[in-house]
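Novice: Let me give you the structure first, and then I'll get to my questions.
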Amino acid sequence: MSKHEQEYKMIGLNIAYYRKLRGLSQLQLAELIDLSRTHISNIEAPNMPTAVSLDTLLDIADTLNVPAKKLLDFHE
């Protein structure tokens, strides 16, 4: 178990929230940032906390038109 498992879970849930808010599927988001849909699914899956690189996090934030800090905000 990763020491940051809970944080990865929350990041994934935040990404899923903003992705759905923008009306994008996992596949659409994946294509826009040149990742596989499976990787996006793994990042978002709350039962499978997956680490995400800073580059990927920033790409996702840019694509979803949301400040990166919103993806790291665990208190909303």
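Novice: With r as the distance between the Cβ atoms of residue 65 and residue 34 and R0 = 25 Å, compute the FRET efficiency 1/(1 + (r/R0)^6) and round to 0.05.
Specialist: Values: r = 18 Å, r/R0 = 0.70.
Computed FRET efficiency for residue 34 and residue 65: 0.90.
Novice: Output ³J(HN,Hα) for segment 6-20: one whole-Hz value per residue in order, computed from phi by the Karplus curve 6.51 cos²θ - 1.76 cosθ + 1.60 with θ = phi - 60°, and x for Gly and Pro.
Specialist: Going residue by residue, I get 5, 5, 4, 4, 5, 4, x, 5, 5, 4, 4, 4, 6, 5, 5 Hz, with x marking Gly and Pro.
Novice: Another question, if that's okay. Could you check the simple spin-label distance between residue 47 and residue 5, using points 7 Å along Cα→Cβ, in nm with one decimal?
Specialist: Inter-label distance under the simple model: 1.5 nm.
Novice: For the chain, modelled as a GNM with alpha-carbon contacts under 10 angstrom, which of 42, 14, 65 fluctuates the most?
Specialist: Answer for the Gaussian network model of the chain: 65.
Novice: For residue 9, give me every one of the aspartates and glutamates with a C-alpha distance below 17 angstrom, ignoring sequence neighbours fewer than eight places off in its own chain.
Specialist: 44, 73, 76
Novice: Just the Cα atoms of the chain: what Rg and Dmax do they give in Å?
Specialist: Spelled out, the Cα radius of gyration and Dmax of the chain are 11.2, 33 Å.
Novice: Helix-only mean residue ellipticity at 222 nm, the chain, DSSP H runs n ≥ 4 weighted -39,500 (n - 2.57), per residue, nearest 500. What is it? Write out the running numbers ahead of the final one.
Specialist: Working: 5 runs with 47 residues, N = 76.
Using -39500 (n - 2.57) per qualifying helix, the result is -17500 deg cm²/dmol.
Novice: Where Lys and Arg each count +1 and Asp and Glu each count -1, what net charge lies around residue 35 among other residues with Cβ under 13 Å from its Cβ?
Specialist: -3
Novice: Separate question: If you take every residue apart from residue 55 with its C-beta less than 12 Å away from the C-beta of residue 55, what net charge results, scoring Lys and Arg +1 and Asp and Glu -1?
Specialist: Details: positive: none; negative: 34, 59, 62.
Residues close to residue 55 contribute a combined charge of -3.
We did not get these values from a lab; they are worked out from the coordinates using the rules stated. Model, not experiment: these values are computed from the prediction. Glycine also receives a Cβ, built like all others from the backbone with ideal geometry; neighbour counts cover every protein chain displayed.
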